[in-house]
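J.: My questions all concern the structure below.
The values are calculated or read from the model by the stated rules, or taken from the named source; none is laboratory data. For clarity, every value in this text was computed on a predicted model and none was experimentally measured. Quick reminder, even Gly has a Cβ in these numbers, built from the backbone with ideal geometry, and neighbours come from all protein chains shown.
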Amino acid sequence: MTRDPRHDILFQPLQIGPKLAKNRFIQVPHCNGGGYRDPSAVTEMRRTKAEGGWGVIFTEQTEIHPSSEITPFIEQHLWEDKDIPAMAAMAEAMKSHGALAGIQLAYSGINGPNLYSREVPLAVTGGPILTFTSDPVHARTMDREDIRDLRRWFRSAFRRSQQAGFDIICLYGAHGFGILQHFLSRATNQRTDDYGGSLENRSRFLREVIEDAREVTKGELAVSLRLSLHEARPSGFSNAELRDFIAMHAELPDLWDLAHGTWEACSGTSRFTPEGAQEELIKGIKSLTPKPVVGVGRFTSADAMVRQIKTGILDFIGAARPSIADPFLPKKVEEGRYEDIRECIGCNICVSGDMTGAISRCTQNTAFMEEWRKGWHPERPRPKGASESILIVGAGPAGLEAALQAAKRGYRVTLAEAGTSLGGRVSRERTLPGLSAWGRVADYRTGQLAPLPNVEIYRDSKLTSEDILSMGADHVAIATGSHWRRDAVARLHLTPIATDPAMPLYTPDDLMAGEIPEDRHVTLYDDDHFYMGSVLAELLVSKGCAVDFVTPAAKVAEWTDNTLEQGTIMRRMLEIGVTVHLGKAPEAIGAHEVTLGCTWTGRQNLIPADAVVMVTSRSPNDALYHATRALDWRGAGIRGLKLIGDAAAPGPIAWATYAGRRFAEEIDHPMDNDTPAFRREVAALEPLPSRLP
């Protein structure tokens, strides 16, 4: 395979201050749920990016001082010298294949509730802490002594960053999270001293900090400045002001790193945000400065990347989520292996790991954050064990991933699908409004399986338990998926409610199969709280239906807070005319109406309905597994029989692909159920203090 010559420009070395980047691919800072808790897991994840060919690799948000931290989010710390060794290991890993190592330094100011350190938060201008969870905490306004302290804390962080071996310091002032943005924005800076008022004054602290960085590091480290392209709030730091600021300080940093104003906008899901969505906000900024500019846009297409550079929009291609979905994206472009690129689907499951204080995961890259914990690699398979043949029943996300990973390990794989198409739930969900990119989950895996000589795929092959025993496979995985329930049973109602059989009832499976009520008054009950309910409401409106969206939650699609799209979903529902009933649930379904009950007071009211759509819970399709298990499968020569994916326990698509990977990795290597199935780090105990008298 050879690279398209049009893409050669992506591999031109480019200067960033005193440092030379080997190409134009920058993995911009991104969180991962590991932070200070899982340093080795984060380090190995970044090492994999280095192996994958990125020119510059940044850490996540690294908090510089305990007076500003964002618990419950688990970020990196550089609070004191004993934090240096973990960061040094990370810098070494980043540089292991020729990339530059960057560290993003953050002081959260009015975004830092300090729930762990218990320090009084400090802000440019005091007020309630601006967090996702509305913490009942206020920050006090910094005085001149506080500002001097903050400069000293930054200087200490610069020294520690250099001592740890980093090449680039990234100062975080984007997404509303960094105190540098708080100084720049009139929304968060109402000071009347020489750090407030005019743009020149609001820029003063930033100029001082960058001067400090150059002095402390003797100009040996490059300085990147990450700023918001547009702060979408009254009196916020607008795109026009950003351009004025850059024109005033054209040569201040060595690299301008520009991102959408909020994290929600910067990391918009593919359902609402196309590739390269920030182009209009960043276009023309390069003409204001001689220093290079990097921006993001969930870029997965090499042609789109080249256009950004050749039309003078960007100098570097920044990526967070695409670098997670495929850490080897640059190397695959470099080698012309375009069909091997594992494209990001923009589902933001990666973000949900950070938002929930868990370890992050990726729907597409099942090895993400498991590189150290489980020894998984996104590209290099482990050698196969003693067995030879694998049978996988069901070609949904779990079955496809299991087949691909088992085949890459060297096993002889048979994949049997009862239907005519591969992809299972993905092949159905990709047809819904906004979810077309999710089809990449199936497309990538079927494309990778197609040329493998040790894989046989059979469609229209609905196997019985006797068929499974007769096929002579050493190991069998049952990945037959799940189906949506037709009743109200989910989180609120644990048993079915009274339902008149005259009322037409639909499930998501029905709608995806084309059985869609048109031009009718539909009650949609969502006790799932992820994306499906709002997507189907949009589908129903497109078919001329009037939709009552009923949910026992206080928000529509409340779990999508964790994928940064809840607000966007709520706006969409209101804009298309959906009537939203929050804190309500059906208590009974009549022939022509639904009785709603308030989940707080129990008060009831009736709403008319011609049809009801239940988006509640799913039941595993596990009958084939149990029927097979009831037979003498060991006597038939089967060494292992496993139920995986939604057939075992329904969950998001990322849970299914992970289950497929885990099955393939554990063939001939069964795990001990009495101990964790992954490596973890346990904090070392500090010496006990001397007893007080």
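J.: Name the single residue that is surrounded by the fewest Cβ atoms within 10 Å (Cβ to Cβ) among those in the range 233-244 being closer than 17 Å to Gln278 by Cβ and not acidic (Asp, Glu).
T.: From the range 233-244, those closer than 17 Å to Gln278 by Cβ are 236-243; that's our starting set.
From what's left, not acidic (Asp, Glu): 236-240, 242-243.
Numbers: Gly236: 20, Phe237: 30, Ser238: 18, Asn239: 19, Ala240: 9, Leu242: 23, Arg243: 16.
Out of the qualifying residues, it is Ala240.
J.: Scan the range 115-123 and tell me whether some residue there is closer than 26 Å to Pro330 by Cβ, in the same structural domain as Val294 (by TED's automatic domain parsing) and either surrounded by 24 or more Cβ atoms within 10 Å (Cβ to Cβ) or at pLDDT 95 or above (or both). Steps first, answer last, please.
T.: Looking only at the range 115-123, we keep the residues that are closer than 26 Å to Pro330 by Cβ, and these are none.
Within the range 115-123, not a single residue is closer than 26 Å to Pro330 by Cβ, in the same structural domain as Val294 (by TED's automatic domain parsing) and either surrounded by 24 or more Cβ atoms within 10 Å (Cβ to Cβ) or at pLDDT 95 or above (or both).
J.: Can you name the residue in the range 477-496 that is surrounded by 16 or more Cβ atoms within 10 Å (Cβ to Cβ) and hydroxyl-bearing (Ser, Thr, Tyr) and is also nearest to Pro397 (Cα to Cα) among such residues?
T.: Once the filter is applied, the top-ranked residue is Thr480.
J.: Follow-up question, since we're still on this one. Go through the range 179-193 and give me each residue that's among the polar types (S, T, N, Q) and assigned to a helix (DSSP H, G or I).
T.: Keep residues of the range 179-193 that are among the polar types (S, T, N, Q), which gives 181, 185, 188-190, 192.
The one that is among the polar types (S, T, N, Q) and assigned to a helix (DSSP H, G or I): Gln181.
J.: Let me ask something else. Name the pairs whose Cβ atoms lie under 6 Å apart, with the first residue in the range 1-27 and under 16 Å from Asp167 (Cβ atoms), the second in a helix (DSSP H, G or I) and aromatic (Phe, Trp, Tyr), and 6 or more positions between them or separate chains?
T.: Short answer, once both residue conditions are applied: Asn23/Phe11.
J.: Looking at Asp519, Asp474, Asp510, Asp528, which one is surrounded by fewer than 17 Cβ atoms within 10 Å (Cβ to Cβ) and of a type outside the set (S, T, N, Q)?
T.: Working: Asp474 fails: surrounded by fewer than 17 Cβ atoms within 10 Å (Cβ to Cβ); Asp510 fails: surrounded by fewer than 17 Cβ atoms within 10 Å (Cβ to Cβ); Asp528 fails: surrounded by fewer than 17 Cβ atoms within 10 Å (Cβ to Cβ).
The match here is Asp519.
J.: Moving to a separate point now. Pick from the range 555-577 the residues that are in a helix (DSSP H, G or I) and charged (D, E, K, R): which of them is nearest to Gly268 (Cα to Cα)? Outline the logic, then answer.
T.: Going through the range 555-577, the residues in a helix (DSSP H, G or I) turn out to be 558-563, 566-575.
In the following step, the residues that additionally are charged (D, E, K, R) were identified as 558, 561, 571-572, 575.
On the way: Glu558: 16, Asp561: 12, Arg571: 14, Arg572: 14, Glu575: 18 Å.
My answer is Asp561.
J.: Looking only at residues that are polar (S, T, N, Q) and out of contact with any Leu (no Cβ under 7 Å at 6 or more places or on another chain) in the range 170-200, which one is surrounded by the most Cβ atoms within 10 Å (Cβ to Cβ)?
T.: Our first condition is that a residue be polar (S, T, N, Q); within the range 170-200, this holds for 181, 185, 188-190, 192, 198.
Among the residues that remain, those that are also out of contact with any Leu (no Cβ under 7 Å at 6 or more places or on another chain) are: 185, 188-190, 192, 198.
On the way: Ser185: 23, Thr188: 26, Asn189: 22, Gln190: 14, Thr192: 8, Ser198: 9.
Ranking the qualifying residues of the range 170-200, first place goes to Thr188.
J.: Any chance you could count how many residues in the range 437-467 are of a type in the set (A, V, I, L, M) and more than 15 Å from Ala395 (Cβ to Cβ)? Please lay out each step first, then the result.
T.: Within the range 437-467, the subset of a type in the set (A, V, I, L, M) is 437, 441-442, 449-450, 452, 455, 457, 463.
Subsequent filtering for residues that are more than 15 Å from Ala395 (Cβ to Cβ) retains 437.
So the count comes out to 1.
J.: Sticking with this structure for a sec: Hey, can you tell me all the residues within the range 261-288 that are under 15 Å from the mean Cα position of the chain (by Cα), closer than 24 Å to Gly178 by Cβ and modelled with pLDDT of 90 or more?
T.: Thr269, Thr273
J.: Here is a further query. Name the single residue, out of those in the range 618-656 being of a type in the set (Gly, Ala, Ser) and buried (at least 18 other Cβ atoms within 10 Å of the Cβ), that is farthest from Ile516 (Cα to Cα). Let's see the steps before the verdict.
T.: Narrowing the range 618-656 to residues of a type in the set (Gly, Ala, Ser): 619, 623, 627, 630, 635-637, 640, 645, 647-649, 651, 654, 656.
Those still in the list that are buried (at least 18 other Cβ atoms within 10 Å of the Cβ) too: 640, 645, 647-648, 654, 656.
Working: Gly640: 41, Gly645: 27, Ala647: 26, Ala648: 29, Ala654: 27, Ala656: 27 Å.
Only one residue tops the list, namely Gly640.
J.: Sticking with this structure for a sec: Inside the range 6-81, counting only strands (runs of 3 or more DSSP E) that do not spill past its ends, which hold 2 or more residues that are closer than 20 Å to Asn348 by Cβ?
T.: In the range 6-81, the matching strands (runs of 3 or more DSSP E) lie at 56-63.
Here's the yes/no breakdown for (1) closer than 30 Å to Cys598 by Cβ; (2) without any contact (Cβ under 8 Å) to a residue 60 or more places away in the chain; (3) assigned by TED's automatic domain parsing to the domain that holds Ala588:
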| position | (1), (2), (3) |
| --- | --- |
| Arg445 | no, yes, no |
| Ala450 | no, yes, no |
| Asn454 | no, yes, no |
| Ser470 | no, no, no |
| Ala473 | no, no, no |
| Leu505 | yes, no, yes |
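J.: State yes or no: is His249 closer than 30 Å to Met573 by Cβ and either touching a residue at least 24 places away in the same chain (Cβ under 8 Å) or touching a Cys at 6+ places or on another chain (Cβ under 8 Å) (or both)?
T.: Values: closer than 30 Å to Met573 by Cβ: no; either touching a residue at least 24 places away in the same chain (Cβ under 8 Å) or touching a Cys at 6+ places or on another chain (Cβ under 8 Å) (or both): yes.
Spelling it out, it is not the case that His249 is closer than 30 Å to Met573 by Cβ and either touching a residue at least 24 places away in the same chain (Cβ under 8 Å) or touching a Cys at 6+ places or on another chain (Cβ under 8 Å) (or both).
J.: Could you go through the range 346-353 and let me know if any residue there is part of a loop (DSSP other than H, G, I, E, B), crowded, with 18+ Cβ neighbours inside 10 Å and small (Gly, Ala, Ser).
T.: Filtering the range 346-353 for residues part of a loop (DSSP other than H, G, I, E, B) gives 346-348.
Within this subset, residues satisfying the condition of being crowded, with 18+ Cβ neighbours inside 10 Å are 346-348.
Then drop every residue that is not small (Gly, Ala, Ser), which leaves 346.
Yes.
J.: Let me ask something else about it. Is it true that some residue in the range 87-110 is surrounded by fewer than 18 Cβ atoms within 10 Å (Cβ to Cβ), closer than 18 Å to His65 by Cβ and among the small types (Gly, Ala, Ser)?
T.: Checking the range 87-110: not a single residue is surrounded by fewer than 18 Cβ atoms within 10 Å (Cβ to Cβ), closer than 18 Å to His65 by Cβ and among the small types (Gly, Ala, Ser).
J.: Scan the range 535-554 for residues that are assigned to a helix (DSSP H, G or I) and either surrounded by fewer than 24 Cβ atoms within 10 Å (Cβ to Cβ) or among the polar types (S, T, N, Q) (or both) and jot them down.
T.: Looking only at the range 535-554, we keep the residues that are assigned to a helix (DSSP H, G or I), and these are 535-542.
The answer is Val535, Glu538, Leu539, Val541, Ser542.
J.: Taking only the range 42-88 into account, find how many residues are under 16 Å from Ser161 (Cα atoms) and of a type in the set (A, V, I, L, M, F, W, C).
T.: Matching residues across the range 42-88 total 10.
J.: Okay, next question. Does any residue of the range 309-330 turn out to be in the same structural domain as Ala213 (by TED's automatic domain parsing), of a type in the set (D, E, K, R) and free of Cβ contacts under 8 Å to residues at least 40 places away in the same chain?
T.: Taking the range 309-330 as the starting set, the residues that turn out to be in the same structural domain as Ala213 (by TED's automatic domain parsing) are 309-330.
Going one step further and asking which of them are of a type in the set (D, E, K, R), we end up with 310, 315, 321, 326.
Those left that are additionally free of Cβ contacts under 8 Å to residues at least 40 places away in the same chain: none.
No, every residue in the range 309-330 fails to be in the same structural domain as Ala213 (by TED's automatic domain parsing), of a type in the set (D, E, K, R) and free of Cβ contacts under 8 Å to residues at least 40 places away in the same chain.
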